[in-house]
1. On full extension of the chain, what length is gained from residue 49 through residue 85, given 0.36 nm per residue of separation minus the C-alpha to C-alpha distance?
2. Could you tally up the Lys pairs in the chain with alpha carbons closer than 18 Å? Skip any pair fewer than 8 positions apart unless they're on separate chains.
3. Based on Cβ point charges of +1 for Lys and Arg and -1 for Asp and Glu, what charge dipole magnitude is obtained for the range 46-106 about its Cα centre, in debye rounded to the nearest 20?
4. Using Cα pairs under 8 angstrom and six or more residues apart, how large is the relative contact order of the chain, in percent?
5. Name the shape class, rounded, prolate or oblate, that the alpha-carbon gyration tensor gives for the range 37-85, where a ≥ b ≥ c are the square roots of its eigenvalues, rounded holds for a/c under 1.5, and otherwise prolate holds if a/b is larger than b/c and oblate otherwise.
6. To the nearest 10 square angstrom, what accessible area does residue 93 show with a 1.4 Å probe?
7. Ignoring everything except DSSP H segments at least 4 long, calculate the 222 nm mean residue ellipticity for the chain; use -39,500 (n - 2.57) per segment, divide by total residues, nearest 500.
8. Can you bin the range 67-124 into rounded, prolate or oblate? Criterion: square roots of the alpha carbon gyration tensor eigenvalues sorted a ≥ b ≥ c, rounded for a/c under 1.5, prolate for a/b above b/c, oblate for the rest.
Amino acid sequence: MNIPSNLKYTKDHEWVLIDGDIAIVGITDFAQKELGDIVYVEVETLDQRLNKDEVFGTVEAVKTVSDLFLPLSGEIFEFNDELESNPEDVNTDPYGKGWMVKVKISNAAEVEELLSSDAYKQLIGA
């Protein structure tokens, strides 16, 4: 299972790449494997300011629909439009082409609450 050490993680299986005051968010390799074949990613919160742990979208797989929870408070300013025509990128490249949103972080202190790769490995028993 791929759990890059340069990323932060949430208990809800999102990954976060911090770049200054911008966070790039997607779902982990573990999450995409649990969901199965992803057929649709929906984010209707573009250009909205949300609080940490609020639902920012959904991911639909063949067998289920799952909410996506924002790992950090902030404004969602970009959605990965490629996922509209290629939702399977979340399965094949969850940490690359499968990223979902970019967020302008409004509370930098929340970054410290995210899990390290080692803590995430413990959470999922990897």
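1. Values: separation 36, 0.36 × 36 = 12.96 nm, distance 2.58 nm.
10.4 nm is the gain from fully extending residue 49 to residue 85.
2. Total qualifying Lys-Lys pairs in the chain comes to 13.
3. On the way: 6 positive and 13 negative charges, 53 e Å.
Charge dipole, the range 46-106, about its Cα centre: 260 debye, nearest 20.
4. On the way: 274 pairs, mean separation 38.8, N = 126.
Relative contact order comes out at 31 percent.
5. Numbers: a/c = 3.20, a/b = 1.54, b/c = 2.08.
Here the range 37-85 falls in the oblate category.
6. Accessible area of residue 93: about 50 Å².
7. Numbers: 4 runs with 23 residues, N = 126.
Helix contribution divided over all residues of the chain: -4000 deg cm²/dmol.
8. Values: a/c = 2.84, a/b = 1.25, b/c = 2.27.
It comes out oblate by the Cα gyration axes.
The values are calculated or read from the model by the stated rules, or taken from the named source; none is laboratory data. All values derive from a computational prediction rather than experimental measurement. As a convention, Cβ positions derive from the backbone with ideal geometry for all residues, glycine included, and neighbour counts pool all protein chains shown. Surface areas here come from the heavy atoms of the whole protein model, side chains and all, with no ligands, DNA or RNA. Shrake-Rupley method; radii C 1.70, N 1.55, O 1.52, S 1.80 Å.
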